[in-house]
1. Report, in debye and to the nearest 20, how large the dipole of the range A:3-216 comes out about its Cα centre when Lys and Arg carry +1 and Asp and Glu carry -1 on their Cβ.
2. Identify all aspartates and glutamates with a Cα-Cα distance to B:LYS294 below 16 Å; exclude those on the same chain that are fewer than 8 residues away in sequence.
3. Percent antiparallel among DSSP beta bridges with both residues in chain B, to the nearest 5?
4. Once the dipole of chain B is set up with Lys and Arg at +1 and Asp and Glu at -1 on Cβ about the Cα centre, which of B:VAL179, B:ALA321, B:GLY275 lies farthest towards its positive end?
5. Could you tell me what percent of the DSSP beta bridges with both partners in the protein assembly as shown are antiparallel, to the nearest 5?
6. In what order do B:HIS101, A:HIS221, B:HIS279, B:HIS70 fall by count of nearby beta-carbon atoms within 10 Å, going from fewest to most?
7. Calculate for chain B the 222 nm mean residue ellipticity that helices alone would give, adding -39,500 (n - 2.57) per DSSP H run of length 4 or more and normalising by residue count, nearest 500 deg cm²/dmol.
8. Report, for the range A:1-81, the % of DSSP beta bridges that are antiparallel, rounded to 5.
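Each reported figure results from applying straightforward, stated rules to the coordinates on display, with no laboratory input. Every value quoted in this text rests on a predicted model; they were computed, and no experiment measured them. FYI the Cβ positions are ideal-geometry reconstructions off the backbone, even for glycines, and counts take in every protein chain you see.
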Amino acid sequence: MGLRIIVCAKQVPDPEGPPSSFEVNASERKVIPRGIPPVINPFDENALEAAIRIKESVGASITLLSLGKSLSRAVILKAVAAGADASLLVEGDAFEPSDLDSSSTASLLAAAIEKAGGYDLILCGRQAADTNAGQVGLGLACILGIPAITLAQKVEVEDGRVRVERVLPDGYEVVEAPLPALVTVSGELGDLRYPSLQAIKAAKALPQTVLGPDDLGVDPHGLARVETVGLEAPKRERSCKLVEADTPEEAGRKLALVLRQDKIL
Amino acid sequence: MEGSGSVVILAETAESGAPAAISLELLGLGRDLADGLGADLSAVILGSGMGDAARELAARGADEVIQLEHASLSTYNPELYQEAMLGLLKSFTPRVLLAGHTAMGQDLLPRLAFSLSCGLVTDCVGARVEGGQILFVRPVYGGNALATQRVTTATAMATVRARVGEAKAPTATPGEVKVIEASFAAPVRLEPKGRETLEDRECPLEEAPVVVSGGRGMGGEEGFALLRELASLLGGAVGASRPPVDSGWAPSTCQVGITGKVVAPDIYIAVAISGSTQHLSGMSEAGKIVAINKDPDAYIFKVSDYGVVGDWKQVLPAFTAALREAAPEQGGARWA
Ligand SMILES: Cc1cc2nc3c(=O)[nH]c(=O)nc-3n(C[C@H](O)[C@H](O)[C@H](O)COP(=O)(O)OP(=O)(O)OC[C@H]3O[C@@H](n4cnc5c(N)ncnc54)[C@H](O)[C@@H]3O)c2cc1C
Ligand SMILES: Nc1ncnc2c1ncn2[C@@H]1O[C@H](COP(=O)(O)O)[C@@H](O)[C@H]1O
C-alpha cells in the first residue's frame, strides 16, 4: 500500500458547453446549467492523472474525494476507473455550490479528510471551472497545517518528499516539500487517461464511502467570508466590420488597407 | 493603530527593479477605494534592496510605503513571504489588501487569507466602494457570468487583474517610506531547486501592444511561423488559444485565456480561433480585435471589430505582405 494520496475532485457543469448553456439567473444570483452534463473539473482530472502516474512509479493508493449537493455516480465511476482505489463522497442539500464559498468548502473538505484516516499527499486542481477561484487547495493546506505547492506540471514522490515542477509565467521552477503535503495541479500536467470498459466494470466493486452533512461535524452556515451580491451576464459583443473581397488573398490585402485607413495599424 | 482601516496594496517589481505596471495600476485603484472609504493608502513591497522601488511607489500615490526587507526575500518564496507579511499584519488591520492576480498574488493571497481568517476574492476585474462597502467584480463559470461579491470579514483581500486599475501621475508630495526588517516565525518547509526560463522576455505577451494569436485551426507548428512573422512586423508578440499549446505547436507561455495570460493590447489579432468563453476571458479587453476565421458563424466575429471570413492559409500571407508594403516611413513607432 504505502503512499496514500487523496485527490479532491469537484463536479462542475461542463465548462466546454456553449455560453447559451449557462443561464444567468440574476435574481437568485445563480448560474443554472442548461442541457450540459456534470463533469469532473478538468484540473481535478489533471490532479487525478498526476496521482495515477505516482502510483505507477512508486505505488500508492488513491482516494477520490468529492463534495456536492448531488453527485453523479456515473461521473465518479468513470474517474475512479481511470486508476483510483476508492471514493469518498460528501453529499447533501447543504452543499449547494452557490451557498458555499472557498473558506466553507475548504473547512468541509478538511473535515472529510480527517474522517478518511491518514494521507501522505493531497492533490487538488489549480482552480474549479465554476468558481474560478483557486483558493480551496491552499485553504485546505492551511487548515491541515501542511506545506502546499501550487500550479504543478509534474509531481514526483521520493524518500518522503514531493518534488514539483511549478508553472511560472515565463517557464517553470522546481520546488520540494516534505510529506504530508498538498499540491495543486495545472493543465500542463496532461490529460487524464481514458478507462477501459473493463476497468469501469471493475471500478463498481471498489470501496465507496458516502458521508452526509451530519457526519462531518462542520456546519457550513456562518463559515462563509465572501458573499455574492449580484450576478450578470458579461457584455462582450462588438459590431464587426467584415472585410469582403472576391478572393481570400484580396480580402487579406483589403484588411491591411482598412486597418491602415482606420488608423488601427 | 496607525495603518489600521487603510487600503493596502502589495507591490511587485518588474525585471528592471522598478515597480511592475500592475503595482502602479493597483495604486490607482487603491486611491479610488481609499477616497471612497475616507482611508489612507499604503503600499507594501517585499525584497532586498527595494529602496528605489519604494520611493517610486511613494511618488506614485501611496501615503505610506512599507519596505519589508530581508536578503531571503529577493525572489518569491511562498512561506517566507507569508511569514514576513503575517509578521507585518500583526501590527495593523487593513480594511483591504489588494495584490495583482499575478503568479505571486495568486499563490500568496490565499495563504494570507486563510492564515488570518479573512475573506478573499480572486481574479477581480473591478472593485468599487458603494454604501461604505467594497464590491468586487469577478468572472465565474469560465467567464460565462460576472459575480459582484463582498467580503464579510474586517479585512478584505483581493487579487486584481492587470489593467483594471489606472496608474496615476506622480504626486507633488511623495508619501513616507518606512523600512522594516522582516522576521520569520515558522520554519520553512518548501525548498526551491532552481528554475527554467522558456519565454522570450524581449516582448512579454502581457505588455505587447499587438498580440497575434493562433488557434486550433492553425493545424500545426508551420502556421505559427507565419504568425511570428506578422507579430514581429508589428512589434508584437505571439499568443495562442489552448489547443495549440496542448498540441505542442506553441509553448505554454503563449496561452491566452482564463488559465493562461490575460492580455489587453491595443490590437488583438485572432487567427483560426473560435472564441470560446475561456479564451475571451483573457483578451476581450483588447482595444481592437481582428478575427480571421473560415467559419462565418464563428463566435469570435461577434466580439471582434474587424473580420475576414476565409482560410488563413490564403488570407494571412496576403495580409502580412500588404502590411509590409503599406508600411509607413521606416522607423514608425509600431513598425520598428
Ligand atoms: C477549465 C478550462 C480552462 C480553459 N482555459 C483556456 C484558456 O485559458 N485559453 C483558451 O484559449 N482555451 C481555454 N480552454 C479551452 C476552451 O474551452 C476552448 O476549447 C479553446 O479555447 C478552443 O480553442 P480554439 O478556438 O483554438 O479551437 P476551436 O474551438 O476548435 O476553433 C478553431 C477555429 O478555427 C477555425 N479554422 C479551422 N481551420 C481554419 C483555417 N484553415 N482558416 C481559418 N480558420 C480556421 C474554425 O472555424 C474554428 O472556429 C479552457 C477549457 C477549460 C475546460
Ligand atoms: N466541492 C468540492 N469537492 C472536491 N474538491 C473540491 C471542491 N471544491 C473545490 N475542490 C478542490 O479545490 C480546487 C480549487 O477550487 P477553487 O478554489 O474553488 O477554485 C478544485 O480544483 C478541487 O480540487
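1. Dipole about the Cα centre, nearest 20: 460 debye.
2. Within reach: A:GLU244, A:ASP246, A:GLU249, A:GLU250, B:ASP311.
3. Bridges in chain B are about 20 percent antiparallel.
4. With unit charges placed on the Cβ atoms, the residue in question is B:GLY275.
5. 35
6. A:HIS221, B:HIS70, B:HIS101, B:HIS279
7. Using -39500 (n - 2.57) per qualifying helix, the result is -8000 deg cm²/dmol.
8. Restricted to the range A:1-81, the bridges split so that about 55 percent are antiparallel.
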